[in-house]
Amino acid sequence: MAFSAATVMARAARILLDEDSVRCGAQELRDWLNEGLRAIAAIKPNAKAENVILDLDAGGKQELPSKYTVLSRIIRNVGATPTNTPGKLVQTLNGHAQIDAIIPTWHQLPQSSIVSYVWQDLMALREFWVVPANDGTGRIEATVGLIPTLVPLPSTYPDEITSYTSDVDLPDVYQPIILDLILFRAFAKDEGSPDAAARSEKHLALANAGMSALSGGQNAVSLASAYA
């Protein structure tokens, strides 16, 4: 379910006891919201994901278009020519060692429009290898991560929270995390309050816990690193 930027910004303003946006203006809250989107995408590149059709280049090594952050899964071949086999599933392997064990001479196979195997180096999330090497006409259906669209500045009344009617470009489960990231920034700014630093760190910890829960406990990188 979608949620608007105004919804999460207004919640932050209420928690900050600043519903009139005196200490933290609407534009500042929006900037922190967008920073949160960037931080989430940096730590969890598939936070926003969708199925797309990818046109393959000639050769074994492939690279995602720049608008995609990560290749999460390859599903199947998609027929591009009458000689293709539409719908043939692709087997995903855990690195080149596995394909070396299955087909030691995989790099010598003739090029084809059909992908049988794919493997990826986890240190290069936007790159992957297809076996056999593609002839440049292949197309595959894949699940990829995308960079969330940032919340735009409204054309009228940008200093009013209610003007930020654009939906936040992430699933609703990320709403509490984004809220905590806004509050993390807001309390870090409030140097006049004696407990502001502690509250800032508390909200960052809550955001990290939320990210870890959504990642099945596998998210070991702190969101704070995305602000460095």
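The values are calculated or read from the model by the stated rules, or taken from the named source; none is laboratory data. What you see is a predicted model; the values in this text were computed from it and never measured. Cβ coordinates were reconstructed from backbone atoms using ideal geometry, including for glycine residues, and neighbour counts include every protein chain displayed. For the accessible areas, the whole protein counts, side chains as well, though only heavy atoms, and no ligand, DNA or RNA atoms are used. Shrake-Rupley method; radii C 1.70, N 1.55, O 1.52, S 1.80 Å.
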- Task: Assign one of three labels to segment 38-147, namely rounded, prolate or oblate, based on the Cα gyration tensor with a ≥ b ≥ c the square roots of its eigenvalues; rounded applies when a/c is under 1.5, prolate when it is not and a/b is larger than b/c, and oblate otherwise.
- Result: oblate
- When Lys and Arg each count +1 and Asp and Glu each count -1, what net charge do the other residues less than 15 Å away from Val22, Cβ to Cβ, add up to? -4
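Under a point-charge model restricted to the Cβ atoms of Lys and Arg (+1) and Asp and Glu (-1), what is the dipole moment magnitude of the chain relative to its Cα centre, in debye to the nearest 20?
580
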- Message: Could you give each residue of segment 144-161 its phi-based ³J(HN,Hα) in whole Hz, using Karplus coefficients 6.51, -1.76, 1.60 with θ = phi - 60°, and x for Gly or Pro?
- Response: 10, x, 10, 6, x, 6, 6, 6, x, 6, x, 6, 10, 6, x, 8, 10, 4
- Query: Can you give me the Cα centroid spacing of segment 49-79 and segment 143-180 in angstrom?
  - Reply: 27
- Relative to the longest principal axis of the C-alpha atoms of the chain, give the angle of the C-alpha long axis of helix 5-15, reported between 0 and 90° and rounded to the nearest 10°. 40
- Note on the structure: Violations at 27 Å Cα threshold for listed pairs Lys44/Lys202; Lys61/Lys88; Lys44/Lys88 -> Lys44/Lys88
- Of all DSSP beta bridges with both partners in segment 1-155, the antiparallel percent, nearest 5, is 85
- Per DSSP H run of at least 4 residues, take -39500 (n - 2.57); add these up for the chain, divide by its residues and hand me the 222 nm value, nearest 500 deg cm²/dmol. -10000 deg cm²/dmol
- Message: If you fit an axis through the alpha-carbon atoms of helix 26-43 and take the longest principal axis of the Cα set of the chain, what angle between them do you get, 0 to 90°, nearest 10?
- Response: 30
- Longest site-free stretch - the chain; sites: GluC sites (Glu not before Pro), DSSP loop, at most 14 other Cβ within 10 Å: 20-159
- Message: Before I look further, what does segment 107-178 give for accessible area per residue, probe 1.4 Å, in whole square angstrom?
- Response: 50
- Item | Most mobile of Ala101, Ala142, Ala13 in a GNM of the chain (Cα contacts under 10 Å) | Ala101
- Which ³J(HN,Hα) values in Hz, rounded to whole numbers, follow from the phi angles of segment 178-185 under the Karplus curve 6.51 cos²θ - 1.76 cosθ + 1.60, where θ = phi - 60° and Gly and Pro get x? 4, 4, 5, 5, 5, 5, 4, 5
- Message: What does the net charge come to around Val90 if you take all other residues with beta carbon closer than 13 Å to its beta carbon, with K and R at +1 and D and E at -1?
- Response: +3
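In units of 2.2 N^0.38 Å, what is the alpha-carbon radius of gyration of the chain? Write out the running numbers ahead of the final one.
Values: Rg = 22.2 Å, N = 228, 2.2 N^0.38 = 17.3 Å.
Compactness ratio reported: 1.28.
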- Query: How do the peptides 202-210, 54-62 rank, highest first, by the average count of neighbouring beta carbon atoms within 10 Å per residue?
  - Reply: 202-210, 54-62
- Once phi is turned into ³J(HN,Hα) by the Karplus curve 6.51 cos²θ - 1.76 cosθ + 1.60 with θ = phi - 60°, what whole-Hz value does each residue of segment 62-73 show in order, with x for glycine and proline? 10, 9, 5, x, 4, 6, 9, 9, 7, 8, 8, 6
- Item | Relative contact order, percent, the chain [alpha-carbon distance under 8 Å, six or more residues apart] | 29
